[in-house]
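Q: This structure is in structure tokens; I'll ask about it shortly.
Rule-based calculations on the coordinates, nothing more; no lab input. Predicted, not measured: the structure shown is a model, and the values here were computed from it. FYI the Cβ positions are ideal-geometry reconstructions off the backbone, even for glycines, and counts take in every protein chain you see.
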Amino acid sequence: MKMAQCIATATPLVAFLLPAPSHGATSEWVTSPGGTVRIVASQPRPDGSIPAILEVRLKPGWKTYWRDPGASGIPPQVTLDPSGGVILKAIRFPAPKTFGEGPGRYAGYDQPVAFPLELKRVANGGDLAIRASVFLGICEDICIPVQGELNLALKSGGFDNPLDGARIDKAVAALPEAPSDDFRVTKASFDAAARMIHLDLRLPKAAGGGPVDLFLSGPPGIFFGKPVLGGPGVERRAEIPVKLSGKDKRIAGKAIALTVRAGGRSMETTLAFD
């Protein structure tokens, strides 16, 4: 797999503000050579949360990135205009795949994918407007930055389109599960001298001797090498090389997100080291 190279200049692709529909809300699609992107949202819940997704439909042979794009790449980025009465708290990611080797290794998706958005209502009553600036990479042999404005309206008292709700529910169901008795990290440590994370994993029985994929994402300045796993069995040891850059070369106290794919399931947890 060739290393994804980014084109230096992105061409903005601007979507239009849609008329407010009577059932649910979707933005127009932003188009690019490798695929299309839009936002789908439902009516606010009583707690103010707004179910929503960033939906990416990829053309065959094209890919997009996970939250940590590797040595080069563009992860999905969404910025909301708070004047619309809505803020973005987080973007969530289904378990990715690994592409390439060596310096060109990266994590991403080669099929259509939807990223659940944790949106929150901050306006007191009335209609809401989701005005989002979106930036992400969609790649074949090269990575084309896709930039656009996605706009949609949520009318007060409106009704949800069941198809939109099903899309959102499907995206949430595809997210990694929380740690459980049969799928979790049983021990985690960091060897500062060797710059190596050591993990003891308990995997689902269905994993057997099959493939296990690990994906790590941390704050800026922390880079992760290719994980090495022992095995087979459901109790496995993993070692992940770590490279620290910048002035602060410590890992202590920094939250690291870990996603594990094994046995047809995926699990996500947060690692923290003393």
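Q: For the range 115-190, rounded, prolate or oblate, judged on the Cα gyration tensor with a ≥ b ≥ c (square roots of eigenvalues), a/c < 1.5 rounded, else prolate if a/b > b/c?
A: oblate
Q: With no solvent and one point per C-alpha, what does the Debye sum give as log10 I(q)/I(0) for the chain at q = 0.08, 0.10, 0.17 Å⁻¹?
A: -0.37, -0.58, -1.33
Q: As I understand it, the dipole of the chain uses +1 on the Cβ of Lys and Arg and -1 on the Cβ of Asp and Glu, about the Cα centre. Which of Ala193, Pro60, Leu88 lies farthest toward its positive end?
A: Ala193
Q: Report, in degrees rounded to the nearest 10, the 0 to 90 angle that the Cα long axis of helix 162-173 makes with the longest principal axis of the chain.
A: 20
Q: How would you classify the range 143-246 from its alpha-carbon gyration tensor, with a ≥ b ≥ c the square roots of the eigenvalues: rounded for a/c under 1.5, else prolate if a/b is greater than b/c, otherwise oblate?
A: Judged from the Cα gyration tensor, the range 143-246 comes out oblate (a/c at least 1.5, b/c at or above a/b).
Q: Oh, and also: Within the chain, what's the longest stretch lacking chymotrypsin sites (Phe, Trp or Tyr not before Pro) that sit in DSSP loops with no more than 15 other Cβ atoms inside 10 Å?
A: Counting at most 15 other Cβ atoms within 10 Å as exposed, the longest clean stretch of the chain is 17-272.
Q: Could you work out the local net charge near Gly230, counting Lys and Arg as +1, Asp and Glu as -1, over the other residues with Cβ closer than 11 Å to its Cβ?
A: Overall, the nearby charge balance is -1.
Q: Further, regarding this structure: List the lysines whose Cα lies under 16 Å from the Cα of Lys89, skipping any in the same chain that are fewer than 8 positions away.
A: Lys120
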